[in-house]
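Remarks on the structure that follows.
The values are calculated or read from the model by the stated rules, or taken from the named source; none is laboratory data. For clarity, every value in this text was computed on a predicted model and none was experimentally measured. Methodologically, a virtual Cβ is constructed for each residue, glycine included, from the backbone with ideal geometry; neighbour enumeration extends over all protein chains shown. Heads up: the accessible areas ignore ligands, DNA and RNA and are worked out on the full protein's heavy atoms, side chains in. Shrake-Rupley method; radii C 1.70, N 1.55, O 1.52, S 1.80 Å.
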Amino acid sequence: MPLRPRAVVGLIAGSLMLSGCSALEGGSVAGPFPSRNVEIMVPAAPGGGWDLTARQLQHVIQDDDLLPDRSISVVNVTGAGGAVGISKLVTKNRKDPHTLMITGLVMVGALTLNESQITLTDTTPIATITAEQEVLVVKADSPIKTLKDLVAKYQADPTSVSWGGGTIGGTDHIVAGTLVKAAGADPSKVKYISYSGGGEATAAILSGDVTVGISGVSEFEEQIAAGKMRVLATTGTEPVTMAGKTLPTLKSEGYDAEVLNWRAIVAPPDIPDADRQRLIEFVSKAHDTPAWAEIRKKQGWTDFWRTGDEATAFIAEETTRVQALLRELGIV
């Protein structure tokens with residue numbers, strides 16, 4: 001009989017705990033951080049957004065010599081939408097402040113879909129660092145001219161609207177459910193089509209295979225600028241200007257909602273408070289460098305800086321919100 005996802009994640013966590021948890025416990029920082037080399041774990045394959053964030057952060061730390069006489073490495077741990085990586089963090093790396101992990105909104109959905117018994121609330125949040133707005137678009141000749149048109153079409157007949165984006169339960173799917181819920185409609189009726197890459201999603205939107213497409217603003221920027229796609233709304237509160245025009249937001253269109261594809265840095269659980277504070281100070285130094293500001297500008301990342309208790313509260317709230325929304329979407 002095949003194992004369910006929860007059983008798989010449970011076995012992963014159990015095996016990691018047996019294989020090395022005790023070896024790293026008690027790795028408290030004595031004196032100035034760090035007392036040995038630092039590792040940033042990326043719980044996904046190389047090349048994605050988390051990986052890019054980690055490696056850019058690594059460059060800043062190295063170039064600005066923020067770790068004198070120490071090194072910082074980036075290690076990719078793949079599997080189960082991040083469940084393997086976070087299981088390693090909270091078991092094998094427990095109490096060790098020298099291992100950090102890049103995470104974000106996408107992991108909340110992935111862990112929920114995998115029925116993981118471990119969540120981000122089991123980690124020690126250090127800081128939220130960046131965020132990216134999403135955008136809802138239709139092809140240029142679509143009869144849907146505004147976000148209100150889209151909502152009205154959905155309210156009249158949910159089956160008449162297909163939503164195209166990335167992974168099931170990911171940020172794009174969360175945007176669709178958030179908008180429908182904010183409009184007072186039924187999220188469980190959302191007909192969502194998942195595409196493996198931006199190219200596939202773009203082709204589906206332009207061909208009319210889906211009614212509306214959702215992705216990061218930069219993903220569709222070329223098609224928007226060329227007049228091939230029409231923006232219905234962005235999902236943040238900060239204005240986005242493109243081709244000399246300020247794009248509408250969910251709130252400016254009358255829907256009290258916001259979705260940001262945020263990223264954060266977390267540490268293992270049970271690290272001493274003094275070590276947590278040293279980690280916050282260390283990450284803050286990297287955040288405050290001109291080099292990191294330049295990277296954010298180049299990548300189109302919004303500064304989304306929260307540390308310590310504020311970051312902990314935000315991640316807990318997002319975890320609760322997304323878990324509830326995915327249940328309402330009927331995918332868990």
Problem - Unique match (being assigned to a helix (DSSP H, G or I), in contact with a strand residue (DSSP E or B) (Cβ under 9 Å, 6 or more places away or on another chain), among the hydrophobic types (A, V, I, L, M, F, W, C) and without any contact (Cβ under 8 Å) to a residue 40 or more places away in the chain) among Ala152, Ala201 - result: Ala201
Handout entry: region 254-283: number of residues that are open to solvent by 40 Å² or more (accessible area, probe 1.4 Å) and more than 16 Å from Ile61 (Cα to Cα)
Key = 9
Practice task
Tell me which residues, restricted to region 223-251, are in contact with a helix residue (DSSP H, G or I) (Cβ under 9 Å, 6 or more places away or on another chain) and without any contact (Cβ under 8 Å) to a residue 60 or more places away in the chain.
Solution key: Met242, Ala243
Practice task
Mind telling me which of the residues Val180, Val161, Val190, Val175 ends up being out of contact with any strand residue (DSSP E or B) (no Cβ under 8 Å at 6 or more places or on another chain) and buried (at least 16 other Cβ atoms within 10 Å of the Cβ)?
Solution key: Val180
Practice task
Assess whether Thr302 counts as being farther than 21 Å from Val60 by Cβ and either β-branched (Val, Ile, Thr) or within 19 Å of the chain's Cα centre (by Cα) (or both).
Solution key: no
Practice task
Using the structure shown, decide if Ile193 is more than 21 Å from the chain's Cα centre (by Cα), at pLDDT 95 or above and within 9 Å of Gly164 (Cα to Cα).
Solution key: no
Exercise for the section: Specify the residue that is surrounded by the fewest Cβ atoms within 10 Å (Cβ to Cβ); the eligible residues are those in region 284-332 that are touching a residue at least 60 places away in the same chain (Cβ under 8 Å), among the hydroxyl-bearing types (Ser, Thr, Tyr) and part of a helix (DSSP H, G or I). Expected result: Ser284
Exercise for the section: Look at region 75-125 and say how many of its residues are outside any loop (DSSP other than H, G, I, E, B), crowded, with 23+ Cβ neighbours inside 10 Å and over 18 Å from the mean Cα position of the chain (by Cα). Expected result: 2
Problem - Any hit, region 214-222, residues being buried (at least 21 other Cβ atoms within 10 Å of the Cβ), assigned to a strand (DSSP E or B) and at pLDDT 95 or above - result: yes
Practice task
Residues being in a helix (DSSP H, G or I), at pLDDT 50 or above and closer than 26 Å to Glu115 by Cα: count how many of those fall in region 9-53.
Solution key: 3
Exercise for the section: Test Glu253 against the stated conditions and say whether it is assigned to a loop (DSSP other than H, G, I, E, B) and under 20 Å from Leu150 (Cα atoms). Expected result: yes
Practice task
Name, by its number, the condition in (1) touching a helix residue (DSSP H, G or I) at 6+ places or on another chain (Cβ under 8 Å); (2) crowded, with 22+ Cβ neighbours inside 10 Å; (3) at negative phi that does not hold for Gly169.
Solution key: (3)
